[in-house]
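I have placed the structure first, in the form of structure tokens, so that the comments after it can refer back to it.
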Amino acid sequence: MTCKATEVVLGKTLTALEIENDLLSTTVVLDKGADIYRLVYKPKDIDVLWKSPWGIKEQKRGFDSAFDSATAWLEAYAGGWQVIFPNGGDATVYKGAALGFHGEASMKAWDYEVVSESEGALEVKMASRLSRSPYTIERWMRVESGCPILHIRERVTNHAGEEMDCMWSHHPAFGAPFLSEVCVIDVGAPSFVADDRYAGFANPLTLSQTYQWPVAGEVDMSKVPGPDQERDILAYFQDFESGWYAITNLDMGFGVGLVWDESVFPYAWFWQELNASPGFPFYKCAYVMAIEPASSIPGQGLTAVMEKTGSHLTLGPGESKEVTMKAVFYQSDQGVQKIDADGAVHLK
């Protein structure tokens, strides 16, 4: 069978699910946020996602030692791809609940079921009911034989008898060996704006300044610096003509892109931590980049978003909101002009 789902164990204790077809495989950590821990392009046998140097934290094999949510989240951050909900960035207090750094969904265990399976396609549903906020989050992941696309559909539902505000985004982080100085970024947004307070340790951007992609001053931001060129930035792509981006490794001759519904995620956070930040948690030894489709900016917590931009989502009692995304592999040594909503890649 070319499409299949297999339960596996990461480390010694973490339950995960490997979903694959003949062209790609992905490993989802059910015991921790349904994180997409691996995303492998089989023809090259390369996992494009970053892995943290401190590895996977297994709750059954140690004791929590963090007294703040940011430290706890980072200790548990093994790399890969997280869903960030219902808070993004800094911890905050909303309606009496302490919303932790990057939200609860990425720290909860999720359940799953295979909803359809055949020789030519496989779909798995995953879900988690949050504890601190009155939401259920559900995700459907689908692969099809002969197709280098991971289809993702995700839905959040407000179970409260009152309106609830939230932030929602996805945090796919890319790393070596895929990420290198021969990688180029293409994106469906004409502009990006630097965060208004994130100075960074090696940041070519000016706080709050808006730039026309890809140039920031004399720097071409579409070219990824190598591991020996320090960079530390947080910015936000905006004004998407259509929601997509692509990262192409020109030497390897392939790339990975994301395409999504920009009506739900009108922004994408742009984070580069390229061996630049001293001290906890990266100690100048993390070479990682993420472009993160998002409902809201800035990445400073829900109450800051409500005060600064009003770009938060509001769900009425019993209301659901859904987003579709696709992670797409393609072969190219030039880059990408566009990725269509159906995942079709138009090469340069």
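Where a number appears in this text, it was derived from the coordinates with a stated rule and is not lab data. Remember, predicted model here, so these are calculated numbers, not experimental data. Every residue, glycine among them, receives a Cβ derived from its backbone with ideal geometry; neighbour counts consider all protein chains shown.
Could you check region 32-42 and list, in sequence order, the residues that are surrounded by 20 or more Cβ atoms within 10 Å (Cβ to Cβ), over 11 Å from TYR112 (Cβ atoms) and either touching a Lys or Arg at 6+ places or on another chain (Cβ under 9 Å) or not acidic (Asp, Glu) (or both)? Answer for region 32-42, where residues must be surrounded by 20 or more Cβ atoms within 10 Å (Cβ to Cβ), over 11 Å from TYR112 (Cβ atoms) and either touching a Lys or Arg at 6+ places or on another chain (Cβ under 9 Å) or not acidic (Asp, Glu) (or both): LYS32, GLY33, ILE36, TYR37, ARG38, LEU39, TYR41. Picking from residues in region 115-145 that are in contact (Cβ under 8 Å) with a residue 40 or more places away in the chain and not in a strand (DSSP E or B), the one that is farthest from TYR41 (Cα to Cα) is SER133.
A Cβ distance below 6 Å, combined with a sequence gap of six or more or placement on separate chains, defines the contacts here; from region 265-278, residues that are closer than 17 Å to VAL83 by Cβ reach residues that are assigned to a loop (DSSP other than H, G, I, E, B) in the pairs PHE265/SER295; TYR267/ILE297; TRP269/GLY299.
LYS308 fulfils the conditions (1) in contact with a Pro (Cβ under 9 Å, 6 or more places away or on another chain); (2) basic (Lys, Arg); (3) buried (at least 19 other Cβ atoms within 10 Å of the Cβ) except for a single criterion, (3).
Of the residues making up region 219-262, just one is closer than 16 Å to ILE297 by Cβ and among the polar types (S, T, N, Q), namely GLN238. With respect to the conditions (1) surrounded by 20 or more Cβ atoms within 10 Å (Cβ to Cβ); (2) closer than 30 Å to LEU23 by Cβ, ILE297 lacks only one, and its number is (2).
Looking across region 196-249, the residues that are under 18 Å from the mean Cα position of the chain (by Cα) and more than 25 Å from ASP340 (Cβ to Cβ) come down to ASP232, ILE233, LEU234, ALA235. Going residue by residue through region 52-63, is there one that turns out to be within 23 Å of VAL264 (Cα to Cα), small (Gly, Ala, Ser), in contact (Cβ under 8 Å) with a residue 60 or more places away in the chain and crowded, with 20+ Cβ neighbours inside 10 Å? Scanning region 52-63, I find no residue that is within 23 Å of VAL264 (Cα to Cα), small (Gly, Ala, Ser), in contact (Cβ under 8 Å) with a residue 60 or more places away in the chain and crowded, with 20+ Cβ neighbours inside 10 Å, so the answer is no. Go through region 314-348 and count every residue that is of a type in the set (A, V, I, L, M, F, W, C) and farther than 24 Å from PRO190 by Cβ. Residues that pass the stated criteria total 2. Taking the criterion of being crowded, with 20+ Cβ neighbours inside 10 Å, in a loop (DSSP other than H, G, I, E, B) and of a type in the set (A, V, I, L, M, F, W, C), the only residue of region 1-29 that qualifies is CYS3. Of the residues that sit in region 19-69 and are acidic (Asp, Glu) and more than 14 Å from ILE149 (Cβ to Cβ), which one is nearest to the chain's Cα centre (by Cα)? Per the criteria, the residue is ASP35.
Residues are listed down the side, and each one gets a yes or a no for (1) touching an Asp or Glu at 6+ places or on another chain (Cβ under 8 Å); (2) among the basic types (Lys, Arg); (3) not in a loop (DSSP other than H, G, I, E, B):
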| residue | (1), (2), (3) |
| --- | --- |
| TRP269 | yes, no, yes |
| GLU273 | yes, no, yes |
| ALA276 | yes, no, no |
| ALA290 | no, no, yes |
| ILE297 | no, no, no |
| GLY310 | no, no, no |
| PRO317 | yes, no, no |
| ALA327 | no, no, yes |
| GLN337 | yes, no, yes |
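Scanning region 70-85 for residues that are within 12 Å of MET107 (Cβ to Cβ) and surrounded by 20 or more Cβ atoms within 10 Å (Cβ to Cβ) gives TRP73, ALA76, TYR77, GLN82, VAL83, ILE84, PHE85. With respect to THR248, determine if the residue is in a loop (DSSP other than H, G, I, E, B) and among the β-branched types (Val, Ile, Thr). Answer is no for this residue. Got a number for residues in region 120-139 being over 16 Å from ALA109 (Cα atoms) and surrounded by fewer than 19 Cβ atoms within 10 Å (Cβ to Cβ)? Here the count works out to 2.
Looking at VAL156, VAL187, VAL182, which is the one that is under 30 Å from THR26 (Cα atoms), crowded, with 22+ Cβ neighbours inside 10 Å, touching an Asp or Glu at 6+ places or on another chain (Cβ under 9 Å) and among the aliphatic types (A, V, I, L, M)? After ruling out the rest, the residue left standing is VAL156.
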